[in-house]
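To start, the structure under review is shown below, and the notes come after it.
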Amino acid sequence: MHEPRDFLFWPARVLPHLALLVALLGLWEWAVASGSVDTIMVPRPSAIMAAIFELYVTKGSIYQHFFITLAEAVFGFLIGAGVAIALAVSSSLSENFERYVSPYAVVLNVTPGIALTPIIIAWFGYGMGSKIALAAVICFFPIFVNTLTGLRQTDPDREELFRSFGASRRQVFTQLRVPAALPLMFAGLKIGLTTALIGAVVAEFAQATAGVGVLMSRFSFALDMASSLATLLSMTLIGLLLFYTMEFLDDRVVFWRRDARMSAVSRARARAWASGAEK
Amino acid sequence: MADVVTQMAATGGKSLRQRQNATHIGIFLTLILLWELGALMGWLDPLFFPAPSAILTSFWRIYFAQGNIWYHLYVSLGLVFAGFTAGSILGIGLGAVVGMNGLVRRFLQPYVIVLEATPRIAVAPLLIAALGFGATSKIAIIMLVCFFAPFINTLSGVINVDRDRMELMRSLGASKLQVLRKLVLPEAVPVIMAGERLALTSALSGVLVAEFIQRDQGIGTLILTYTRNLNMASAFACILTLTLIGFLIFKGMEKLDHHIAYWKNEAGLRRVGAKRAQAWATAQRGQSNA
């Protein structure tokens, strides 16, 4: 369906979507203007646009909060993912380690991480530290489980092939297990990154001085629903930003899963090999 | 290493199992003892890291001596149940409708992507402002949080039906209803159940967030109040209660999954197969009698 020449006709594909969006917004605007929907409950689309304009352009007050939340989510994710991958790799290498560590990981998993919010705030204070900590705790488990599952599910035939060619344990790990685990690991990382954002935002709801979450609860409690929705849309923006960054990395690292990327990489490698052989 | 373990398991499985369990308990007790010791010697600030004995005492107090947790548990779990039921019915229904209809799917897809990127729980303050304080807004929050996993999973379950099988059923003249009942549902149910499992755990998170914001009653408010009063031992007892609930939910959903999607596991297949064979046999007997 998505042949390359489809790109030439992209307006034809996008236009119906756009038309639907405009029609929906128009209907919404009309419903609010005619008074059939309460303005406090549901602000007009034009009011939301105005709020977005104010937040981003005239006042520019959102940038500080935007980057704080983004930083909290990213740092929390990096810490959580680092610990999760380290534990998963150790578990896959040592059966004893897995046997005696995994029960604690399971206990951590069935506890709703969000329940820890007040305690983590008491431990790490009102600043960014507590948000980073909560984000790290919440994003830990999906990454841990996916990495561990990925590292364990190696094809026995391939492993035998590696063994019979006399591959060392290290070679089996780096050249067989890790590549086999990467797709699942990236799926876990993608989930983890969005959960990290949730952790950061929830911690901001509970207690914080800056961040998108604080901004949003302030607006909603002032019943400024238009600005509140505009802030929500910026959270969506952060979420999309994080998600597509991860998707991009996934595409680069796990290149063998998409045909286009696969052929591009193999062409590059063939070229490099050919120029190496000439010398 | 692995070979040694399997060999030992083959010769003396029970004693190995017992030794492993003993090690588990040993590690656990050592950790707890170290923690207790740390609290006793003053290495850990009791305000932040309460001793295990203090947590046990709090358990006794909030469950029996004072017994104040029961009401909050009752409130929170009631909300979880209501929100989860409403959200998953909506999610599965919409997912099925959207999945079966290509046009709706195409036009809805961009919105689904945008909504998926939004941290769902972030809508909580908005819903509270719109619907007011009280149970309604809490249920709405849980519903919203519960909606997505079943929706997305139902959608993908319905879409990812094997094309060849679909064609086979069509060419054998199956009606739309038959295709739904005999092909689409059996293939989609395990995926839908996975979505439900996710939804129920996020419902628990949803109710906590709603209670953190509203701060009137429920287990989330209880945790928040205890932490504010620096009664960390009781806060930990509440969180361990949630761990237990989470564990029960996890196990319960697993059981339910085995029961509903019986064709995905040996035991379930045998159980239902035996029952059907029996029913068929009695029907045969009834016919031959008549």
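Descriptive notes on the structure:
- Among the candidates B:Q217, B:Q178, residue that is outside any helix (DSSP H, G or I) and either surrounded by 13 or more Cβ atoms within 10 Å (Cβ to Cβ) or not basic (K, R) (or both): B:Q217
- Selected residue (only one of B:L108, B:L90, B:L94 is within 13 Å of chain A (Cβ to nearest Cβ), surrounded by fewer than 24 Cβ atoms within 10 Å (Cβ to Cβ) and in a helix (DSSP H, G or I)): B:L108
- Among the residues of this structure, B:A194 does not count as one that is more than 9 Å from chain A (Cβ to nearest Cβ), under 27 Å from B:L126 (Cβ atoms), in a helix (DSSP H, G or I) and at pLDDT 85 or above.
- Some residue of the stretch A:190-199 being more than 30 Å from A:T149 (Cβ to Cβ), aliphatic (A, V, I, L, M) and out of contact with any Cys (no Cβ under 8 Å at 6 or more places or on another chain): no
- Taking the stretch B:245-267 as the range and being exposed (fewer than 12 other Cβ atoms within 10 Å of the Cβ), among the hydrophobic types (A, V, I, L, M, F, W, C) and within 20 Å of A:P103 (Cβ to Cβ) as the test, only B:L248 passes.
- Checking each residue in the stretch A:248-261 for being more than 14 Å from A:L182 (Cβ to Cβ) and either aliphatic (A, V, I, L, M) or surrounded by 12 or more Cβ atoms within 10 Å (Cβ to Cβ) (or both) picks out only A:A260.
- Single residue of B:I121, B:I139 found to be among the β-branched types (V, I, T), touching a residue at least 40 places away in the same chain (Cβ under 8 Å) and within 14 Å of chain A (Cβ to nearest Cβ): B:I121
- Residue match in the stretch A:116-134 (condition: facing chain B (nearest Cβ under 9 Å), closer than 14 Å to A:A200 by Cα and in contact with a Cys (Cβ under 9 Å, 6 or more places away or on another chain)): no
- Of the residues in the stretch B:220-236, at least one is more than 7 Å from chain A (Cβ to nearest Cβ), part of a helix (DSSP H, G or I) and closer than 19 Å to B:T136 by Cβ.
- Tabulated pairs, the stretch B:170-191, first closer than 14 Å to B:I92 by Cα, second in a helix (DSSP H, G or I), C-beta under 6 angstrom, 6+ apart or interchain: B:V184/B:V158; B:A188/B:G157; B:A188/B:V158; B:P190/B:K264; B:V191/B:N153; B:V191/B:G157
The values are calculated or read from the model by the stated rules, or taken from the named source; none is laboratory data. Predicted, not measured: the structure shown is a model, and the values here were computed from it. No Cβ is skipped: glycine too gets one built from the backbone with ideal geometry, and neighbour counts run over all protein chains shown.
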